[in-house]
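Chemist: This structure is in structure tokens; I'll ask about it shortly.
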Amino acid sequence: MITIRPDEISSLIRDQIEQYNNEVQVINMGIVLQVGDGIARIHGLCEVMAGELVEFEDGTIGIALNLETNNVGVVLMGDGLTIKEGSSVKATGKIAQIPVSDAFLGRIVDALAQPIDGRGPISASEVRLIESPAPGIISRRSVYEPLQTGLIAIDSMIPIGRGQRELIIGDRQTGKTAVATDTILNQKGQNVICVYVAIGQKASSVAQVVKTLRERSSIEYTIVVSEPADSPATLQYLAPYTGAALAEYFMYKKQHTLIIYDDLSKQAQAYRQMSLLLRRPPGREAYPGDVFFLHSRLLERAAKLNYQLGEGSLTALPIVETQAGDVSAYIPTNVISITDGQIFLSADLFNAGIRPAINVGLSVSRVGSAAQIKAMKQVAGKLKLELAQFAELEAFAQFASDLDKGTQDQLARGQRLRELLKQPQSAPLSVEEQIATIFIGTNGYLDRFEIQFVKKFLDQLREYLKNSKPQFGEIIRTTKTLTEEAETMLREAIKEQIELFVLQFKNNASNRI
């Protein structure tokens, strides 16, 4: 027989009373009314915030976007196949955020910053909101440092500065991604962190970009954020904001960053899909009314910070695809009005073999020569003017039967200048090589060559300068000016190389060479 002593019972009750925790945990719960097409309608969730993360019974995460009187419209970050009507949903109390750290460099992640490269988890001790407010006017300073792309046509005539937003726009298959990846390759050794955001791209295209970066040892300073074409629209919509949050982490650590959004047309389409499913009113081209805000709040995060904040920078190169060169469509006009200029890639030029297919007449940089070193300003001033005059003359010359010698010479000069702007993919040039190339063209040294020999001569000259006159590049890098000494050295190198080139080709070349 078990005897229970009253003092034992009273001591147990006393212990329970003393250890009683009167904290009340309030969980904001709701019930799924309807689910399908990546959208769930939730009844309840009275205290939910716009943009708050909610968690379903099966562990799926969603974002509350539509706060209506009788229900909440939630977009799912996943397929949502296991979510049922009547299942419970709880609010997390968190706005969408991602982990950030230096360990993300060299990794490939999705829109939730989860690794997808099979190399294990990424350690991070810090988090950042996916949608952070952009730096204000007082936090910024004007753009003054160049961000070299390695492409002569851009660095000389449409310069990009650190902290600028420069749109890359053109039809499909005109080399937009190639311009962006060449810019990443050119940041090697420049102390610039790069973030490449692939939105709705083919997985094979993203794999090709990653392969190029790996082959050129550029992946170690690059983060790739990828949401391919088969990803849910929610994740395609979030991917650019995730990329911006990762880049901002480095910007506020006083570092220079470059982010490429490839491309914002697909993000807008994903957002349109979400908005129409949420039954938001459609506007022009069926896009919702806030599609401008979608891109403006993203691109305004690009900035050059002031001295007090460490002078870090975030340079954005958004890409937008046009249909048949129509820049007056809704998304292209929106993004053109937000950015500080555009690089227009023409399908006609691309098909004519002019690559990169940059239409210099339609392209513009609103930062201009503030984003160029003095040496580049010295040589590039004449280039854009001569090319513009050439384009006008070329159109006129099609109707003329006989032209005077001055016009013929000007046309010949223009053709050679256009030839020197051609560059193969994944072969960016250093700034001293670009300056030497432009100097040769604008000073008439190429006028004596037939067009088919221009590229070969330039390649040989650049190699000769690198190996035999390394002090030329040293002067440009240290003084950032084309000094008299450097110019003399360059003229001597050109003269020597022309003599060698003439000897090399005298047997099989025409009278002009």
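Chemist: Name every residue in the range 165-179 that is surrounded by fewer than 24 Cβ atoms within 10 Å (Cβ to Cβ) and in contact with a Phe, Trp or Tyr (Cβ under 8 Å, 6 or more places away or on another chain), in order of residue number.
Modeler: GLN173, GLY175
Chemist: Still on this structure, please answer the following. Restricting to strands (runs of 3 or more DSSP E) lying wholly in the range 31-113: which have 1 or more residues that are farther than 19 Å from VAL225 by Cβ and touching a helix residue (DSSP H, G or I) at 6+ places or on another chain (Cβ under 7 Å)?
Modeler: 39-44, 72-76
Chemist: So, of the residues in the range 1-33 that are within 23 Å of GLU52 (Cβ to Cβ), of a type in the set (A, V, I, L, M, F, W, C) and at pLDDT 75 or above, which turns out to be surrounded by the fewest Cβ atoms within 10 Å (Cβ to Cβ)?
Modeler: ILE27
Chemist: Now a separate question. So, of the residues in the range 431-468 that are under 29 Å from GLY161 (Cβ atoms) and among the basic types (Lys, Arg), which turns out to be surrounded by the fewest Cβ atoms within 10 Å (Cβ to Cβ)?
Modeler: The selected residue is LYS466.
Chemist: Sticking with this one: Residues to consider are TYR271, TYR241, TYR287; find the one that is in contact with a strand residue (DSSP E or B) (Cβ under 8 Å, 6 or more places away or on another chain), crowded, with 20+ Cβ neighbours inside 10 Å and among the aromatic types (Phe, Trp, Tyr).
Modeler: TYR271
Chemist: Regarding GLN97, is this residue of a type in the set (S, T, N, Q), in contact with a Pro (Cβ under 9 Å, 6 or more places away or on another chain) and under 28 Å from SER275 (Cα atoms)?
Modeler: When the stated conditions are applied, GLN97 does not pass them.
Chemist: Of all residues in the range 406-444, which are over 21 Å from ALA388 (Cβ atoms) and either out of contact with any Asp or Glu (no Cβ under 9 Å at 6 or more places or on another chain) or not hydroxyl-bearing (Ser, Thr, Tyr) (or both)?
Modeler: The answer is PRO424, GLN425, ALA427, PRO428, LEU429, SER430, VAL431, GLU432, GLU433, ALA436.
Chemist: Find the residue count for the range 462-500, including only residues that are part of a helix (DSSP H, G or I) and either among the basic types (Lys, Arg) or within 28 Å of GLU145 (Cα to Cα) (or both).
Modeler: Of the residues in the range 462-500, 23 are part of a helix (DSSP H, G or I) and either among the basic types (Lys, Arg) or within 28 Å of GLU145 (Cα to Cα) (or both).
Chemist: Still on this model: I need a count of the residues in the range 133-164 that are small (Gly, Ala, Ser), crowded, with 16+ Cβ neighbours inside 10 Å and either in a loop (DSSP other than H, G, I, E, B) or out of contact with any Lys or Arg (no Cβ under 8 Å at 6 or more places or on another chain) (or both).
Modeler: 4
Chemist: Which of (1) assigned to a helix (DSSP H, G or I); (2) within 28 Å of the chain's Cα centre (by Cα) does GLU392 not meet, given it meets every other one?
Modeler: Result: GLU392 fails condition (2) only.
Chemist: I'd like the full set of residues that are at pLDDT 80 or above and surrounded by 14 or more Cβ atoms within 10 Å (Cβ to Cβ), limited to the range 392-406.
Modeler: Matches in the range 392-406: LEU393, GLU394.
Chemist: I would also like to ask the following. Please go through the range 90-104 and give me each residue that is surrounded by fewer than 17 Cβ atoms within 10 Å (Cβ to Cβ) and touching an Asp or Glu at 6+ places or on another chain (Cβ under 8 Å), ordered by number.
Modeler: Across the range 90-104, the qualifying residues are LYS90, THR92, GLY93, LYS94, ILE95, SER101.
Chemist: Just one of the numbered conditions (1) out of contact with any Gly (no Cβ under 8 Å at 6 or more places or on another chain); (2) surrounded by fewer than 17 Cβ atoms within 10 Å (Cβ to Cβ); (3) of a type outside the set (Phe, Trp, Tyr); (4) not in a helix (DSSP H, G or I) is not true of ASP409; which one?
Modeler: (4)
Chemist: While we're here: Could you tell me which residue of the range 424-461 is farthest from LEU490 (Cα to Cα), considering only residues that are among the polar types (S, T, N, Q) and assigned to a helix (DSSP H, G or I)?
Modeler: The selected residue is GLN452.
The values are calculated or read from the model by the stated rules, or taken from the named source; none is laboratory data. Quick caveat, the model's predicted, so the values are computed rather than measured. Neighbour counts run over all protein chains shown; Cβ positions are idealised from the backbone, glycine included.
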